[in-house]
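The values are calculated or read from the model by the stated rules, or taken from the named source; none is laboratory data. What you see is a predicted model, and the numbers here were worked out from it, not measured in a lab. In this analysis, Cβ positions are derived from the backbone assuming ideal geometry, glycine residues included, and neighbour counts consider all displayed protein chains. Areas reflect the complete protein model, heavy atoms only, side chains present, ligands, DNA and RNA absent. Shrake-Rupley method; radii C 1.70, N 1.55, O 1.52, S 1.80 Å.
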Amino acid sequence: MSGHLLLRGLIAGLIAGLVAFGFARVYGEPQVERAIAFEELMAAAEAPAAGAIEEPEAVSRETQAGIGLLTGVLAYGVAMGGIFSLVFAGLYGRVGSLSPRALALVLGAAAFVALVVVPDLKYPPNPPAVGDPETIGARTGLFFVVLAASIFALALAVAFARRLAEQLGRWNGAIVAGLAYVVFLAIVFRLLPAINEVPENFPATALYDFRLATVGLQLTLWTVLSLVFGYLAEKSLVRSGNYRTARAGV
């Protein structure tokens, strides 16, 4: 069963990546262009009036916004689709009487919160011209610390909710586990340092629009991935006979 679901996860991830690429081209790239224009304006103001030599681009903006963006988004979508399918296969039939489509939606929502919303609350994404190049390594490391903490806390919350369901009921157990997840992350946020390297003269609307487009890109990808995979997984499980088996096992 896992092999069939993995294939469908890769297909769903590919489709989600294509849709997300369209979103990025329409809504994301204009924000990147605004940030680059601001960066070039600041560089021109700081450069000497004469004798300044413009360094050639290693990769043109056309390539970055076209085939480069498409390749990156598709690779990310396919990778997330494969992981998504494996997690789905491990949970299906073990977390209640959820149908394949419902489980896919719940899993997609949980992944979006744990992988996107939580890390962005502490260290939101910044456009070009924002951030000190010398601190990029430290900033990247701190981001992955929050990401790992969020995934770890989510896994514990799910296990905690299943155990509490036997004593408090499924609904109350989920609420208590959710509160424990929030408290744990609040402690992590408190312990980690804050980073604010946004220039004072950087347009607030450009920063807001860029971050909104980044979250929208991820929301688009995870929504499409969940919907498409849920549909494909249900068809596969019904065809193979595992749909009734898993539901009966609950």
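Scanning region 151-173 for residues that are open to solvent by 30 Å² or more (accessible area, probe 1.4 Å), modelled with pLDDT of 85 or more and of a type in the set (Gly, Ala, Ser) gives Ala155, Ala159.
Is it true that some residue in region 185-201 is under 25 Å from Gly28 (Cβ atoms), of a type outside the set (D, E, K, R) and out of contact with any Phe, Trp or Tyr (no Cβ under 9 Å at 6 or more places or on another chain)? Scanning region 185-201 turns up at least one residue that is under 25 Å from Gly28 (Cβ atoms), of a type outside the set (D, E, K, R) and out of contact with any Phe, Trp or Tyr (no Cβ under 9 Å at 6 or more places or on another chain). Looking at region 119-148 only, could you name the residues that are open to solvent by less than 50 Å² (accessible area, probe 1.4 Å), under 15 Å from the mean Cα position of the chain (by Cα) and under 19 Å from Ala213 (Cβ atoms)? Pro119, Asp120, Tyr123, Pro124, Pro125, listed by residue number. One residue stands out among those in region 216-236 that are within 20 Å of Gly93 (Cα to Cα) and of a type in the set (Phe, Trp, Tyr): the one that is surrounded by the fewest Cβ atoms within 10 Å (Cβ to Cβ), which is Tyr231.
Among the conditions (1) at pLDDT below 85; (2) open to solvent by less than 60 Å² (accessible area, probe 1.4 Å); (3) under 30 Å from Leu192 (Cα atoms), the only one that Arg61 does not satisfy is (3). Here Phe184 clears all of (1) open to solvent by 60 Å² or more (accessible area, probe 1.4 Å); (2) within 29 Å of Gly230 (Cα to Cα) except the condition numbered (2).
Here Phe210 does not qualify as at pLDDT 85 or above and open to solvent by 40 Å² or more (accessible area, probe 1.4 Å). Of all the residues in region 6-23, those that are among the hydrophobic types (A, V, I, L, M, F, W, C), crowded, with 24+ Cβ neighbours inside 10 Å and under 10 Å from Ser85 (Cβ atoms) number 1. When Ala49 is tested against (1) modelled with pLDDT of 90 or more; (2) among the aliphatic types (A, V, I, L, M); (3) more than 30 Å from Ile11 (Cβ to Cβ), exactly one condition is not met: (1). Among the residues making up region 227-250, those that are modelled with pLDDT under 65 and either among the aliphatic types (A, V, I, L, M) or not in a helix (DSSP H, G or I) (or both) are Ala246, Ala248, Val250.
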